[in-house]
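Report on the following structure.
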Protein chains: 2
Amino acid sequence: MTSKPLSGNAVIGQSGGPTAVINQSLVGAIEKLAPCRQIKRLLGAHHGVRGIVKEDFLDLRKIKRDVLERVAQTPAAALGSSRDKPDEAYCEKIFKSFAKFDVRYFFYIGGNDSADTARIIHEMAAATRYELRTFHIPKTIDNDLRVTDHCPGYGSAARYVASAFAGDDRDNASLPGVKINVVMGRHAGWLTAAAGLARQDDADGPHLVYVPEVVCHLVDKFVEDVARIYDRFGRCQIAVSEGVQDETHTPVVVALAERLGHRVERDSHGNPQLSGTGALGDFLGDYLKQKLGEGKKSFRVRADTLGYPQRSFAGYASSVDQAEARLAGRTAAEYALEGTLDGSVAFKRAAGRYRVTCFRAELKDVARKTKDLPRNFINRPGNGVTDAFYKYALPLVGELPVIGKLF
Amino acid sequence: MTSKPLSGNAVIGQSGGPTAVINQSLVGAIEKLAPCRQIKRLLGAHHGVRGIVKEDFLDLRKIKRDVLERVAQTPAAALGSSRDKPDEAYCEKIFKSFAKFDVRYFFYIGGNDSADTARIIHEMAAATRYELRTFHIPKTIDNDLRVTDHCPGYGSAARYVASAFAGDDRDNASLPGVKINVVMGRHAGWLTAAAGLARQDDADGPHLVYVPEVVCHLVDKFVEDVARIYDRFGRCQIAVSEGVQDETHTPVVVALAERLGHRVERDSHGNPQLSGTGALGDFLGDYLKQKLGEGKKSFRVRADTLGYPQRSFAGYASSVDQAEARLAGRTAAEYALEGTLDGSVAFKRAAGRYRVTCFRAELKDVARKTKDLPRNFINRPGNGVTDAFYKYALPLVGELPVIGKLF
């Protein structure tokens, strides 16, 4: 693995939906790269691949130590992010910019699409025998990257969601009713599953958890589930992923809109808008009122869509997630400095007491495809999570809030 | 103020929308009352006035010290809360229950309606020469009680809102666009005003703040405001109270629904549903897209309704608010034990370094009416808050999140 130090410039970029710890990875990479003499210039790309193409760079060595430390603590992409998913032509432009600036080290912090961008660019470099060490540093609140045990960003989002549910369950015990909370996750239910991490016993919410991996039978099972819990506890707290679908693979928000005679917002391509709107929660609430409210003197139903604070709430990141995101950034830099050509940083969980070690994953194995919540993390009826999931997720969220009860 | 110790039982109840520190006040009162020999039984009313009428009580002396301490840290009403606003007949029942159980000390933790309930019951007791020491312990995230400098519960909600906005502003700088966040507050803008407490400079959001105390000119001023900020910073973060109204005193959510051809959910009395729905944020977003999006290649507009986590998020209360809520509970107990007959605990802010002292307010001065955000806390154009507000609110929220920026 040791080779003659490759001399040239380095570029770091951030991509996709931000997390509370994406800047920890940035600072981790900077810490490792900044002292190295073979790195001539250490550049940050403004808004990811856009900044590379526009040649919009920031000199990362000029940032003072105390500013870097504050940036590490701050949610969202300090360099600016981008939603661009480069095709071959776009990657060509990126590679040209790298060749022009003698960039020999490229670090891209992002999800599976960013891993794919890194893969394409690395292949272009290899094809022209341009030595470019290319590393993907994982981040996503969705926790849906393959190969790795879990993703930086997930633990903090999970901590936020668990704390929101824990407090909200106490609120819903104070003034009992049905409470629906819609959690981010279009395709994978990892974050929604985290809702119950602060639970102490069976009476605690969330009493029902619906994830995109399991079909949501709106007509019968869903209403029955809620009625059963409500009869038992006098209240019901529900966690539902924004991407849940019914038995015909129709998004639940669309299916409900049809039933209730509501309009569904659609984007310019005609696709229903699933996030950035309170519609799913509102429709689920209306549906339950219609189905279960009749004849009940007071049947209180409320819905919240937890929204962007899940990924961006300031001052409440998981300390475990922070340390691991920093480690992922440092490790990517180490791999590149050691002479490794490309890869993605992945975590492996040691047996026994929780501890992770890093290993190099192939870019192609992390790129594009994603990882669903496995079946053994979802209970048999498909409306909750299992102890195996809690065991998996608890170490990732760091400290959970103190909850005390009188009833 | 010293009189012969009044012997009898004591009842504590919690009322209205919970806060993150309402249990601190409960525990503060228990700490003071539990050791007193003249308090025969120390009872908690399950679900406020309902529990009193139903004779559903909990023996508060039986709760272990460590459980009490965990309860103090937990959001929402540990005794259960109630939305009942007792009329004379209801108060009569409460008073009968008190007489039956020889209750001589009554502590009611709640907002202005709870102060009014305490006032009515105390007058009934006085009219029949039944000695009942009756104290209201303030709590509300709305911060709208009169007489007191500020209310327990507000500092924690304000800390949550400020941290949500600070992180969300960094998110919106990462992937620039217009971001609307709807904040709790039907009549008063105190909580919405707190959105900017973590701001470091003029470029930081929230760039615009709309509160119910100021008319929202939807047609011209609002759209102009957003366009101006967006042109200047390439992004715009907006804080808006759920209760904002237009120039005809129509709730903005209703005015927008009419403009956009949307339906507004109404309750059984025909009143538009203002909270517990994402409609205001969604409608404001649609309206801005319609007015400003035309011809722009990418005009990203997103809306979140911050919802119940504002009052119930676990593990993130303001340490100042926690201590003050505990103090309010202890002080109410002290007043009653000293022989004072009735009142509400109020805070006075000392000059110089932040510090509060308590004083007794008259129940009638705190009951029913509320306190708006004063005009000098709102900027001249009515779309932001002033330094005078920041100076007022900053000491209440305790520690704010660290924010570091590269751009």
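Pairs are defined by a Cβ separation below 8 Å, a sequence spacing of at least 6 or placement on different chains, a first member in region A:383-405 that is in contact (Cβ under 8 Å) with a residue 12 or more places away in the chain, and a second member that is surrounded by fewer than 22 Cβ atoms within 10 Å (Cβ to Cβ) and of a type in the set (G, A, S); the pairs so defined are A:G398/A:S319; A:E399/A:S319.
Taken over region A:31-57, the criterion of being touching a residue at least 60 places away in the same chain (Cβ under 8 Å) and of a type in the set (A, V, I, L, M) is satisfied by A:L33, A:I39, A:L43, A:V49.
Number of residues in region A:58-89 that are touching a strand residue (DSSP E or B) at 6+ places or on another chain (Cβ under 7 Å), more than 7 Å from chain B (Cβ to nearest Cβ) and touching a residue at least 24 places away in the same chain (Cβ under 8 Å) equals 2. Just one of (1) of a type in the set (K, R); (2) assigned by TED's automatic domain parsing to the domain that holds A:Q14; (3) free of Cβ contacts under 8 Å to residues at least 60 places away in the same chain fails for A:K139. It is (3).
Taking region B:128-221 and the strands (runs of 3 or more DSSP E) fully enclosed by it, the elements with 1 or more residues that are more than 14 Å from chain A (Cβ to nearest Cβ) are at B:133-138, B:208-210.
For beta carbons closer than 6 Å, sequence separation of 6+ or different chains, a first residue in region B:150-175 that is surrounded by 24 or more Cβ atoms within 10 Å (Cβ to Cβ) and a second that is among the charged types (D, E, K, R) and in a helix (DSSP H, G or I), the qualifying pairs are B:P152/B:E324; B:G155/B:D321; B:S156/B:D321; B:A157/B:R311. Elements of the type strands (runs of 3 or more DSSP E) sitting completely within region B:301-407 and holding at least 2 residues that are outside the structural domain of B:S241 (by TED's automatic domain parsing), surrounded by 19 or more Cβ atoms within 10 Å (Cβ to Cβ) and modelled with pLDDT of 95 or more: these cover B:342-349, B:356-361.
Inside region A:307-318, residues that are more than 17 Å from A:N181 (Cβ to Cβ) and more than 7 Å from chain B (Cβ to nearest Cβ) make up a count of 2. Considering only region A:1-24, state which residues are within 14 Å of chain B (Cβ to nearest Cβ) and either of a type in the set (S, T, Y) or more than 20 Å from A:L132 (Cα to Cα) (or both). Within region A:1-24, A:S15, A:G16, A:G17, A:P18, A:T19, A:A20, A:V21, A:I22, A:N23, A:Q24 qualify. Screening A:D286, A:D321, A:D304 for residues that are under 22 Å from the mean Cα position of the chain (by Cα), within 13 Å of chain B (Cβ to nearest Cβ) and either farther than 30 Å from A:T117 by Cβ or of a type outside the set (A, V, I, L, M, F, W, C) (or both) leaves exactly one candidate, A:D304.
Give me the pairs, please: first residue somewhere in region A:180-196 and without any contact (Cβ under 8 Å) to a residue 40 or more places away in the chain, second residue anywhere and in a loop (DSSP other than H, G, I, E, B), beta-carbon distance under 7 Å, and either six or more positions apart or on two chains. If the second residue must be in a loop (DSSP other than H, G, I, E, B), no pairs are left. Taken over region A:25-46, the criterion of being crowded, with 22+ Cβ neighbours inside 10 Å and more than 8 Å from chain B (Cβ to nearest Cβ) is satisfied by A:S25, A:L26, A:V27, A:G28, A:A29, A:I30, A:L33, A:I39, A:L42, A:L43, A:A45.
In region B:125-150, which residues are within 22 Å of the chain's Cα centre (by Cα) and either under 29 Å from B:A89 (Cβ atoms) or among the charged types (D, E, K, R) (or both)? Don't jump to the end; show me each part of the working.
Narrowing region B:125-150 to residues within 22 Å of the chain's Cα centre (by Cα): B:135-150.
Residues satisfying the conditions are B:F135, B:H136, B:I137, B:P138, B:K139, B:T140, B:D142, B:D144, B:L145, B:R146, B:V147, B:D149.
Taking residues in region A:252-265 that are more than 9 Å from chain B (Cβ to nearest Cβ), and partners anywhere that are outside any helix (DSSP H, G or I), the pairs with Cβ atoms closer than 6 Å and at least 6 places apart or on different chains are A:V252/A:C216; A:V252/A:V244; A:V252/A:D246; A:V254/A:V264; A:V254/A:P272; A:A255/A:D246; A:A257/A:V264; A:V264/A:P272.
Among all positions in region B:231-242, there is at least one residue which is within 13 Å of chain A (Cβ to nearest Cβ), assigned to a loop (DSSP other than H, G, I, E, B) and more than 19 Å from B:L175 (Cβ to Cβ). Just to be sure before I move on: is B:A227 touching a residue at least 24 places away in the same chain (Cβ under 8 Å) and surrounded by fewer than 22 Cβ atoms within 10 Å (Cβ to Cβ) in the structure I sent? Judged against the criteria, B:A227 is a match.
Filtering region B:167-192 to residues that are of a type outside the set (D, E, K, R) and closer than 14 Å to B:L306 by Cα leaves B:G167, B:I180, B:N181, B:V182, B:V183, B:M184, B:G185, B:L191, B:T192. Scanning region B:245-252 turns up one or more residues that are part of a loop (DSSP other than H, G, I, E, B) and buried (at least 17 other Cβ atoms within 10 Å of the Cβ).
Among the residues of region B:153-193, those that are out of contact with any Pro (no Cβ under 6 Å at 6 or more places or on another chain), among the small types (G, A, S) and more than 23 Å from B:Y392 (Cβ to Cβ) comprise B:A173, B:G177.
Only residues that are part of a loop (DSSP other than H, G, I, E, B) and farther than 29 Å from A:V161 by Cα were counted in region B:271-298, giving 7. One residue stands out in region B:79-135 among those that are small (G, A, S), touching a helix residue (DSSP H, G or I) at 6+ places or on another chain (Cβ under 7 Å) and on the phi < 0 side of the Ramachandran plot: the one that is surrounded by the fewest Cβ atoms within 10 Å (Cβ to Cβ), namely B:S97.
The values are calculated or read from the model by the stated rules, or taken from the named source; none is laboratory data. None of these values were measured; they are calculated from a predicted model. Heads up, the Cβs are rebuilt from the backbone with ideal geometry, glycines too, and the neighbour counts pull from every protein chain shown.
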